[in-house]
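Have a look at the structure below before the remarks.
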Amino acid sequence: MPETDYAQALHNEIEQTPVEYLGALLNIVHTFRQSVSPKTPEQSLEQGLKEALAGETHDIKTLWDSIDAE
C-alpha cells in the first residue's frame, strides 16, 4: 500500500472516531510514534539515568533468566 494510501486510511479512521474519543486516539498515536522513533544517544542516556535514579533497575544476576540457551 503506498504511503499516501496509509495516510488517507488513517485520516478516514480519524473522521469516523467520535469526538469524545479523539483525545485518547491522539494519545495512542503519539505513544506509538514515540515507541518506534529512534532516540538520540543523549535521549537514551537521559532515559537510562531517569530510570536508575527512580530505582527502576534489575539485579544483574537475573539478566539471562528468561533466555533459553540450548
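Data for the structure
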{"read-out": "Cβ-placed point charges (K, R +1; D, E -1), dipole of the chain about Cα centre in debye, nearest 20", "value": "240 debye"}
{"read-out": "Note, ³J(HN,Hα) from phi for segment 36-52, Karplus 6.51, -1.76, 1.60, rounded to Hz, x at Gly and Pro", "value": "9, 7, x, 8, 6, x, 5, 5, 5, 5, 4, 5, x, 5, 4, 5, 5"}
{"read-out": "Dipole-positive endmost among 22, 57, 36 within segment 3-57 (Cβ charges, Cα centre)", "value": "57"}
{"read-out": "Global geometry of segment 3-57, whether rounded, prolate or oblate, following the gyration tensor of its Cα atoms and the 1.5 cut on a/c", "value": "oblate"}
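Read-outs throughout are calculated quantities, based only on the coordinates presented, and are distinct from any laboratory measurement. Please read these numbers as outputs of a predicted model, since none were measured by experiment. All Cβ positions, even for glycine, are placed from backbone atoms using ideal geometry, and neighbour counts span all protein chains on display.
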